[in-house]
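Accompanying notes for the structure given below.
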């Protein structure tokens with residue numbers, strides 16, 4: 001028998017919700033992520049939705065978008081999940097890629113140059 005006590009899902013969910021309401025988003029996130037571990041359905045998307053909300057409050061919109069999509073995938077009939085996922089649809093990685101693209105191109109050459117070189121060498125390339 002394990003020395004680890006069984007944890008009450010309802011108690012943990014209550015604690016996470018309470019932390020979120022108080023603005024303790026890091027603590028709420030830690031609990032929600034613990035609840036999500038090993039739960040493929042994310043409680044029909046509920047846990048994923050709250051993980052996303054925590055990430056949004058913490059300013060990590062890319063993670064919020066990922067978790068909002070997970071919640072939606074688990075239960076696309078819940079209007080709250082549909083609306084929240086849609087509200088994050090404009091989040092993309094263009095700004096992140098722009099930071100590193102110049103460095104990449106300085107090191108390797110432009111994407112167009114690399115593509116042409118790969119084709120000349122007979123290598124398969126991603127569709128443009």
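The values are calculated or read from the model by the stated rules, or taken from the named source; none is laboratory data. Treat the numbers as computed from the prediction; the structure is a model and nothing was measured. Note that each Cβ is placed from the backbone with ideal geometry, even for glycine, and that neighbours are counted across all protein chains shown.
Odds and ends about this structure:
- Test result for residue 69, part of a helix (DSSP H, G or I), at pLDDT below 90 and either over 30 Å from residue 52 (Cβ atoms) or assigned by TED's automatic domain parsing to the domain that holds residue 54 (or both): no
- Annotation note: of 46, 50, the sole residue that is closer than 19 Å to residue 7 by Cβ and modelled with pLDDT under 95 is 46.
- Per this entry, residue 82 is not counted among residues that are on the phi < 0 side of the Ramachandran plot, at pLDDT 75 or above and not assigned by TED's automatic domain parsing to the domain that holds residue 35.
- Note on the range 9-58: enclosed helices (runs of 4 or more DSSP H) holding 3 or more residues that are surrounded by fewer than 15 Cβ atoms within 10 Å (Cβ to Cβ) and over 18 Å from the mean Cα position of the chain (by Cα) are 9-21.
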